[in-house]
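Data first, discussion second: the structure below is written as structure tokens.
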Amino acid sequence: MSSSNTPDFQSHTRTLANAIRVLSMDGVQAANSGHPGLPMGMADVATVLFSKFLKFDASDPNWPDRDRFVLSNGHGSMLLYSLLYLNGYPKITLDNLKHFRKVDSPCAGHPEHGTLPGIETTTGPLGQGIANAVGMALAERILNARFGDGLVDHKTYVFAGDGCLMEGISHEAISFAGHLKLNKLIMLYDDNHISIDGPTSLSDSTDALKRFEAAGWATRRIDGHKAQDIADALSWAQDSDKPVMIACRTIIGFGAPKKAGTSKAHGEALGPEEVAGAKKELNWPSQEAFFVPDDILSEWRRIGARGEGARKAWIERHDASDLKKAFDELLKGDVPPAVVAAIMALKKKASDEKPAVATRKASEMALEAINTNWQATIGGSADLTPSNNTKTKELKDIAPGDFSGRYIHYGIREHGMAAAMNGMALHGGIVPYGGTFLVFSDYCRHSIRLSALMGIRVIYVMTHDSIGLGEDGPTHEPVEHLASLRAMPGLRVFRPGDLVETAECWQLALADKDHPSLMALSRQNMATFRTTHTDENLCAKGAYVAAEAPNAKVTLLATGSEVELAFKARDLLAAENIAARVVSMPCWELFEQQSATYRDGVLGPNTVKVAVEAAVRFGWDRYIGPNGAFVGMQGFGASGPYKDVYKHFGITAEHVAEAAKSALKG
Ligand SMILES: Cc1ncc(C[n+]2csc(CCOP(=O)(O)OP(=O)(O)O)c2C)c(N)n1
């Protein structure tokens with residue numbers, strides 16, 4: 001990886017980098033929207049990285065042992081699109097660049113995973129990419145521990161700006177990476193001293209290097225426009241025993257005659273005059289928009305193909321490896337039949353023995369069945385392992401420098417955990433799950449949103465899912481969370497009501513490669529109501545009739561711990577000769593996907609509907625209809641033994657039965 005220490009190297013790098021600058025400013029100019037400053041500032045760093053260090057082959061963007069490149073400061077998306085185009089990645093065209101930020105182009109405002117090969121993760125919400133990169137680097141080490149250097153030995157490079165480093169999530173990600181000694185993680189910090197409002201001195205005076213050093217990183221400061229400095233720092237970073245942060249002093253909008261070095265270059269088109277001036281300043285041979293001379297494009301295309309030999313050598317090693325089958329299966333990520341069989345056995349046992357367990361405990365029992373039969377799952381918790389019940393017997397801890405285990409102590413870093421899980425899922429070969437209290441899903445929220453936006457398999461284990469947690473009180477009692485999480489497109493919110501449903505919901509979450517799932521699980525015990533075994537996964541339709549009643553006048557709708565209450569209310573009503581059905585609704589999102597006939601049938605078209613859920617009403621009206629009733633929370637919870645708290649808020653079987661009777665009277 002040596003680079004020739006000559007003026008040629010500087011000017012050659014500059015010429016290649018100028019192609020990025022030109023495409024980026026032209027793309028932003030054509031859209032009259034976007035962020036030219038960052039791509040122009042980081043173009044030299046990106047050029048040295050791609051031309052000398054990054055292990056990749058543009059012709060096969062999914063090669064499993066490629067280095068990962070994450071643009072955490074995703075507003076500089078034109079940097080990534082220019083790189084993908086120049087290196088010759090599949091699919092992307094010059095026309096796409098010309099239509100940057102238009103609905104007909106995959107070159108969206110911010111990089112969106114899945115729209116173009118080579119976009120490793122969706123970025124734009126600042127800081128997320130750093131934590132994604134931590135997850136990717138961790139995934140690499142975990143798989144390396146199992147498969148060895150021959151199959152898994154790559155680095156994760158992340159570009160991050162001042163914004164990423166100011167965001168709180170960066171603290172979680174950085175301290176966690178330093179603790180774990182993720183030495184194959186290399187951050188290139190765009191230290192340009194500018195953000196939107198002006199110079200960063202307006203709002204920050206952190207010594208970034210000291211901050212990273214304190215967290216266990218190796219650091220170096222360089223001039224981000226000197227090719228040799230960049231190459232030397234990247235050479236030094238290759239064999240580090242710690243994660244590496246290279247602060248690259250750059251000039252935002254480098255080359256723009258009037259706007260370079262100012263916040264004017266950050267987030268708007270430079271304007272025709274400034275673009276023309278920049279092309280002159282950069283000695284670009286043409287003023288024509290999107291013009292890249294053939295020789296420069298060919299040189300870039302050679303760079304895009306420089307990893308071909310390494311990739312082919314990897315394919316040979318892979319094909320000859322005894323571990324090939326196990327490796328390929330893990331990467332494919334299909335749920336093994338043994339897991340399904342173990343879940344079936346657990347369901348049967350639960351129906352036979354009818355234990356009264358909390359669903360957090362039920363989740364642990366499901367995880368025992370899953371983890372013993374599948375190496376893909378990597379569990380963890382944000383310092384609530386004994387509460388979330390996320391650690392099963394066979395999972396050994398992952399520790400600094402020792403990645404042979406399958407359990408991660410994330411520390412009290414909910415946001416970082418969620419974003420790192422996104423990174424692990426994106427890396428491939430891993431199905432991450434991680435726990436905290438449901439109330440702290442808010443701390444994870446933006447990363448959950450990105451799991452949903454990307455459509456990736458991340459499983460959130462969120463226990464203590466209502467006032468049923470009792471004594472800890474309203475700071476810890478979620479009330480609005482189910483509603484707000486159900487509002488998030490693409491997220492499967494599961495709230496199972498007993499051990500059988502919990503096992504079924506886990507099965508659904510594992511099998512769904514295209515959506516994240518969130519398990520809302522109880523602290524308190526609840527009875528098993530699914531007492532007749534069936535192999536069929538009844539939760540798969542999102543809601544189903546748990547107890548039918550001939551000539552029913554009432555349908556009781558419930559989720560999770562309140563299904564038991566609905567059953568009790570049904571008995572109370574039956575004693576007064578009022579026939580009521582019970583519908584369990586563990587996953588609204590799946591229910592919404594069913595046919596209208598199925599949904600109407602389940603909801604009981606000629607019945608009065610009463611919903612009970614220890615949470616706010618928001619969202620329930622669509623199922624209750626105008627004549628129904630809701631029993632649940634109207635505000636925040638309270639501290640006390642959970643049965644007393646339920647009584648205090650009137651979430652009781654008696655109250656549900658009363659509500660049904662009043663609704664029947666109309
Ligand atoms: C979480 C989050 N908050 C706010 C924004 C809006 N935003 C986009 S870029 C930016 C400033 C970033 O500054 P810096 O990282 O220094 O970028 P540069 O000016 O170098 O391009 C802000 C506030 C965002 N994208 N994400």
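For region 219-256, residues that are within 16 Å of the ligand (Cβ to nearest atom) and hydrophobic (A, V, I, L, M, F, W, C) total 8.
Just one of the listed residues (Glu213, Glu120, Glu140) is away from the ligand (no atom under 13 Å from the Cβ), in contact with a strand residue (DSSP E or B) (Cβ under 9 Å, 6 or more places away or on another chain), open to solvent by 10 Å² or more (accessible area, probe 1.4 Å) and under 19 Å from Phe69 (Cα atoms), and it is Glu120.
Taking first residues from region 147-165 that are touching a residue at least 60 places away in the same chain (Cβ under 8 Å) and partners that are within 8 Å of the ligand (Cβ to nearest atom) and open to solvent by 10 Å² or more (accessible area, probe 1.4 Å), the Cβ contacts under 6 Å between residues at least 6 apart in sequence or on separate chains come to Gly163/Leu126; Gly163/Ser195; Cys164/Leu126.
Looking at Tyr81, Tyr85, just one residue is crowded, with 24+ Cβ neighbours inside 10 Å, more than 16 Å from the ligand (Cβ to nearest atom) and assigned to a helix (DSSP H, G or I), and that residue is Tyr85. Condition check: among the hydroxyl-bearing types (Ser, Thr, Tyr) and out of contact with any strand residue (DSSP E or B) (no Cβ under 8 Å at 6 or more places or on another chain). Does Thr555 satisfy that? In short, no.
Filtering His481, His476, His427 for residues that are out of contact with any Lys or Arg (no Cβ under 6 Å at 6 or more places or on another chain) and under 29 Å from Arg66 (Cβ atoms) leaves a single hit, His427.
Ile130 falls short of the stated requirement of being away from the ligand (no atom under 16 Å from the Cβ), surrounded by 19 or more Cβ atoms within 10 Å (Cβ to Cβ) and among the aliphatic types (A, V, I, L, M). Looking at this structure, is Phe56 in a helix (DSSP H, G or I), among the aromatic types (Phe, Trp, Tyr), open to solvent by less than 10 Å² (accessible area, probe 1.4 Å) and more than 16 Å from the ligand (Cβ to nearest atom)? Considered against the rule, which asks whether it is in a helix (DSSP H, G or I), among the aromatic types (Phe, Trp, Tyr), open to solvent by less than 10 Å² (accessible area, probe 1.4 Å) and more than 16 Å from the ligand (Cβ to nearest atom), Phe56 comes out as no. Right, Leu202: under 30 Å from Ala313 (Cα atoms) and either more than 10 Å from the ligand (Cβ to nearest atom) or of a type in the set (Ser, Thr, Tyr) (or both) or not? The answer is no for Leu202.
Gly560 passes every criterion in (1) farther than 19 Å from Asn627 by Cβ; (2) open to solvent by 30 Å² or more (accessible area, probe 1.4 Å); (3) not in a helix (DSSP H, G or I) apart from (2). Close Cβ contacts (under 7 Å, 6 or more residues apart or on different chains) running from residues in region 221-245 that are in contact (Cβ under 8 Å) with a residue 12 or more places away in the chain to residues that are among the small types (Gly, Ala, Ser) and open to solvent by 10 Å² or more (accessible area, probe 1.4 Å) comprise Gln228/Ser3; Ala231/Ser3; Ser240/Ala218; Lys242/Gly216; Lys242/Ala218; Val244/Ala218.
When Leu395 is tested against (1) outside any strand (DSSP E or B); (2) in contact (Cβ under 8 Å) with a residue 60 or more places away in the chain; (3) open to solvent by less than 20 Å² (accessible area, probe 1.4 Å), only condition (2) is not met. Selection of region 307-339 for residues being in contact with a Leu (Cβ under 9 Å, 6 or more places away or on another chain) and part of a loop (DSSP other than H, G, I, E, B) yields Gly307, Ser321, Leu323, Val335. For region 424-483, residues that are within 16 Å of the ligand (Cβ to nearest atom) and closer than 15 Å to Ser387 by Cα total 0. Given the structure, is Asp65 among the charged types (D, E, K, R), in a loop (DSSP other than H, G, I, E, B), more than 16 Å from the ligand (Cβ to nearest atom) and open to solvent by less than 10 Å² (accessible area, probe 1.4 Å)? Yes; evaluated as a whole, the condition is true for this residue.
The values are calculated or read from the model by the stated rules, or taken from the named source; none is laboratory data. Computed from a predicted structure; not experimentally measured. Every residue, glycine as well, gets a Cβ built from its backbone with ideal geometry; the counts of neighbours run over all protein chains shown. When the accessible area is computed, the model is the full protein with side chains, heavy atoms only, and any ligands, DNA or RNA have been set aside. Shrake-Rupley method; radii C 1.70, N 1.55, O 1.52, S 1.80 Å.
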